[in-house]
Amino acid sequence: MKFLLSILLSLILFVSGFSQQGETTYSLYGQVLDDKGEGLPYVSIAVFNSKDSNYVKGGATEPNGRFSLQIPSGNYYAKISFLSFKNKTIDNIVISNKDVDLKKIGLTPSVNNLDEFEVVEEKRLMELDLDKRIFNVSKDITSQGADAAEILDNIPSVEVDVDGNVSLRGSGNVRVLINGKPSGMMGMTTADVLKQMDATQIEKIEVITNPSARYDAEGEVGIINIILKRDRREGVNGSVNANFGYPNNYGGGFNITFKQKHFNVFTGYGVSFRNSPGLSINQQEFTYPDTSFSYNSDSKTQRFSFNNNFRLGTEIFLNKYNSFTLSGKYSFGDGDNETNLTYSDFDEFGEAVQTVHRDEIEDKDRNSYDVSFNYRKTFKQKDRLLTFDVQKTQRTDNESSIITQTNTAIASENIEQRIFNDEGGDNWLFQMDYIHPIKKGKIEFGLKHTNKKIDDDYAVEQFNDTINDWEYIPGFNNLVLYDENVSASYLMLGKKIKQFSFQFGVRAELTEVTTELVTTNELNKRNYLNFFPSVHFSYQLKKENSIQLGYSRRIRRPHHYWLLPFFSFTDSRSNVSGNPNINPEYTDSYELGHLKNWDKASLLSSVYYRYTTSTMDWVVFSDAEGITRRMPVNLGVKDAYGIEFSGSYELAKWWTVRGSYNFFREIRDGEFQGVEYDVDTYVWSTRLNSKWKIKKKIGLQASGNYRAPKQSPQGETKARYSIDIGFSFDVLKGNGTVAFTGKDILNSRRRNSISYGENFVSESERQWRSRYVRVSFTYRLNQKKKRGEENYGESEGGEG
């Protein structure tokens, strides 16, 4: 805390020193309205000097049509322009030592029927920038009625495997944020969080491949930021939706915003019930000096989940420069999983020995909430900004299951087991960010502190017929207490000199982690202070060309459940356990990008290189009984370098395609307990999406992706591919939309892999969820589709 307090004092003095600097300017503000009196978003405002007509300053209106420009004293005129509206010039603007209000400015349509321009201002499905890609979820037909994991799987560079794990550019070490902050449900696995989040609450998703010092250093390959919906237009706006599908897939919800001049209230609710049938097939062969044997396992699972998500918040504008937001989210739900697992055992000659059936019925209950407070202060000086954030989150996740095992050959192995896993989490976040403009640039700095507390009470019991009672299985009973504190500060300087821009930054993070195993009286403490520099250069070329060179240092900390001594017992022959002694890994990331925009197309080309030390990898061990154990360890170093292309092209007014291609080479050099784990692999993946619009009312969409095989230190993941289709049309005079979606229509989204160790070879096939179809309906309140169905959405907040 002394480290944090000393930096806080320095930053406060720094802010005070800046408070009296800067050229004296005054606000020129107003609101631009259309012919119906509604605010027009993104209207171009340009201010010129009356004496010589030199350009002075410009900008664009906010989603509600309001604008504010900082202008020095003088005489000016302004030009206002917007596509499909007549240009307007306002003369005789005199600024003399006070702010000037242009009040409400009306624009006149340049045509009689605005409906002819429905798609002129349509948001693109994907927007490209040098430092991030933005995916507008509402424009993707196949995302209607989906969960967040399905949406991410449609985004270029991002992949979601059959277990719901997210990877970026082929690496699973990616940081997932919601509105720029960790979710209140974090502490659960990222896969579980995404499966509980409904697509109707998501506005857009940002993919940041080389983050600056402003962002948390967590995540080897970058950050995925999920932005939730919130409408900025005045009055009551929103949408109501419902969906159903096969296998059982039902859901619905709403998003409503009520906005007045000085405040707005926003709320949303989503409910879903899903059945996700899946399968897992394994073939295991074991070879030892004195024996050999094998077995096959066939597992079929039915996963039933019922989830509810509720949001409520308000934003209050105290005055022109000060506002605060208070919001909360509450989620609750339950799940029932039924797993039927069959082992078929064979001897060294391949003759059947026995068959074992292992059936599990699991019940889950979970709930979580978070409460957030944000204070935002702007200044007369343009782009100067101060924000404070506080967030409190809490969650519980209780699981219990009954396992019944029967053996066709050995009656003594007919057993009954039960599992209890009660987990709770309590998180706090405190954050302050400040941006101070300087001549042709800005200085940014901030502070952040997070505290995460998790308790996990886990036990496995087996029924003892002799004493007619339950007994703990040795080694599978403990109470784990996890306490993590991360204190951070950052400083950044950015400037622009003609077409050249640069940004330098450094972030310091002090991490303090304590893990206590109460039952076995084990205590593990880890403290480390790290500095994470970032450097970005960009140059604007002619004809919509720009290039950027960036570097950042990243960290990947172990998840709390990676430190637990155990966390899986469903498959008694394949245990998954943690490692209390695992250390974080560090990555140096370099990237060179080129962005080219045309009138109807854009292309982002990137070359990247990552060097990682103390890599955290999962290693599988086996024993003479045919039991395998999978645990995370620090193996060694990893080099990865590749090239990536992402782009879109409008072939016709009714046909747009977008796609991506990623190729990289990964070289690993690792060793654990005297065994070398080296691998040199080449991997590529591609994704293509095609969207057609018919008579401006009907939309068709098809997307496909393919990932080539990839070698790992202990095996290979085979090629994977899938195809999705979608169809939508507008109803109720443009107020409603009906969408049909078919996901994984070839039923090919499966993970096929082979792994091997010193005494075993294993082949497996897994499918988390089989193909399905879904129908959804959305009704918009005061949001009839026109001028391209702009959502006027804005995030609830973010890191940058």
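The values are calculated or read from the model by the stated rules, or taken from the named source; none is laboratory data. Keep in mind the model is a prediction, meaning the values are calculated, not measured. All Cβ positions, even for glycine, are placed from backbone atoms using ideal geometry, and neighbour counts span all protein chains on display. We work out accessible area using only protein heavy atoms, side chains counted, and drop any ligands, DNA or RNA first. Shrake-Rupley method; radii C 1.70, N 1.55, O 1.52, S 1.80 Å.
For the reader, a short list of remarks on this structure follows.
- Filter pass, ASP469 being among the acidic types (Asp, Glu) and in contact with a Leu (Cβ under 8 Å, 6 or more places away or on another chain): no
- Residue in the range 334-346 that is in contact with a strand residue (DSSP E or B) (Cβ under 7 Å, 6 or more places away or on another chain), open to solvent by 50 Å² or more (accessible area, probe 1.4 Å) and either small (Gly, Ala, Ser) or outside any strand (DSSP E or B) (or both) present: no
- Annotation note: of ASP359, ASP370, the sole residue that is crowded, with 16+ Cβ neighbours inside 10 Å and under 36 Å from the mean Cα position of the chain (by Cα) is ASP370.
- Qualifying residues in the range 612-644 (those that are assigned to a loop (DSSP other than H, G, I, E, B) and β-branched (Val, Ile, Thr)) - the one modelled with the highest pLDDT: THR615
- Filtered residue count, the range 38-58, keeping only those that are among the small types (Gly, Ala, Ser) and in contact (Cβ under 8 Å) with a residue 60 or more places away in the chain: 1
- Some residue of the range 203-211 being at pLDDT 85 or above and surrounded by fewer than 23 Cβ atoms within 10 Å (Cβ to Cβ): no
- Filtered residue count, the range 728-744, keeping only those that are over 26 Å from the mean Cα position of the chain (by Cα) and either farther than 17 Å from ALA242 by Cβ or not in a strand (DSSP E or B) (or both): 4
- Some residue of the range 686-697 being modelled with pLDDT under 85, of a type in the set (Val, Ile, Thr) and in a strand (DSSP E or B): yes
- Among residues of the range 663-686 that are free of Cβ contacts under 8 Å to residues at least 24 places away in the same chain, those with a beta-carbon under 8 Å from a residue that is in a strand (DSSP E or B) and of a type in the set (Ser, Thr, Tyr) at least six positions away or on a different chain give the pairs PHE663/TYR682.
- Hits in the range 215-234 - residues which are touching an Asp or Glu at 6+ places or on another chain (Cβ under 6 Å) and either part of a strand (DSSP E or B) or at pLDDT 70 or above (or both): TYR215, ALA217, ASN225, ILE227, LEU228
- Matching option when the condition is out of contact with any helix residue (DSSP H, G or I) (no Cβ under 8 Å at 6 or more places or on another chain), farther than 30 Å from ASN296 by Cβ and among the hydroxyl-bearing types (Ser, Thr, Tyr), among TYR561, TYR539: TYR539
- Exactly one residue among PHE349, PHE310, PHE317 is out of contact with any strand residue (DSSP E or B) (no Cβ under 6 Å at 6 or more places or on another chain) and either of a type outside the set (Gly, Ala, Ser) or surrounded by 15 or more Cβ atoms within 10 Å (Cβ to Cβ) (or both), and that residue is PHE349.
- Summed over the range 721-740, residues that are open to solvent by less than 40 Å² (accessible area, probe 1.4 Å) and over 25 Å from GLY238 (Cβ atoms) total 2.
- Residues satisfying the stated conditions in the range 403-421, i.e. open to solvent by 20 Å² or more (accessible area, probe 1.4 Å), in contact with an Asp or Glu (Cβ under 6 Å, 6 or more places away or on another chain) and either at pLDDT 90 or above or more than 27 Å from ASP465 (Cβ to Cβ) (or both): THR404, ARG418
- Unique match (being farther than 24 Å from GLN405 by Cα, of a type in the set (S, T, N, Q) and assigned to a strand (DSSP E or B)) among ASN282, ASN237: ASN237
- Whenever a residue of the range 77-104 is farther than 13 Å from GLN31 by Cα, its partners that are surrounded by fewer than 12 Cβ atoms within 10 Å (Cβ to Cβ) and acidic (Asp, Glu), lying with C-beta atoms within less than 8 angstrom and at least six residues away or across chains, give the pairs TYR77/ASP91.
- Taking the range 746-782 as the range and being among the charged types (D, E, K, R) and part of a strand (DSSP E or B) as the test, the residues that pass are ARG751, GLU763, GLU765, ARG766, ARG774, ARG780.
- Scan of the range 349-387 for residues that are in a strand (DSSP E or B) and without any contact (Cβ under 8 Å) to a residue 12 or more places away in the chain, ordered by number: ALA352
- Unmet criterion (only one of (1) open to solvent by less than 30 Å² (accessible area, probe 1.4 Å); (2) closer than 18 Å to ASN634 by Cα; (3) not charged (D, E, K, R)) for ASN527: (1)
- Under the condition of being free of Cβ contacts under 8 Å to residues at least 60 places away in the same chain and open to solvent by less than 20 Å² (accessible area, probe 1.4 Å), the residues counted in the range 59-75 number 4.
- ASP456 being closer than 28 Å to ASP334 by Cβ, crowded, with 18+ Cβ neighbours inside 10 Å and touching a residue at least 40 places away in the same chain (Cβ under 8 Å): yes
- Residues of the range 238-266 that turn out to be without any contact (Cβ under 8 Å) to a residue 60 or more places away in the chain, under 30 Å from GLU38 (Cα atoms) and open to solvent by 30 Å² or more (accessible area, probe 1.4 Å), as a count: 7
- ASN275 fulfils the conditions (1) touching a Gly at 6+ places or on another chain (Cβ under 8 Å); (2) without any contact (Cβ under 8 Å) to a residue 40 or more places away in the chain except for a single criterion, (1).
- On inspection, ASN308 passes the criterion of being in a strand (DSSP E or B) and modelled with pLDDT of 90 or more.
- Single residue of GLU516, GLU544 found to be under 19 Å from ASN478 (Cβ atoms) and open to solvent by 60 Å² or more (accessible area, probe 1.4 Å): GLU516
- All positions within the range 645-663 that are over 27 Å from the mean Cα position of the chain (by Cα) and either assigned to a strand (DSSP E or B) or surrounded by 20 or more Cβ atoms within 10 Å (Cβ to Cβ) (or both): GLU650, LEU651, ALA652, TRP655
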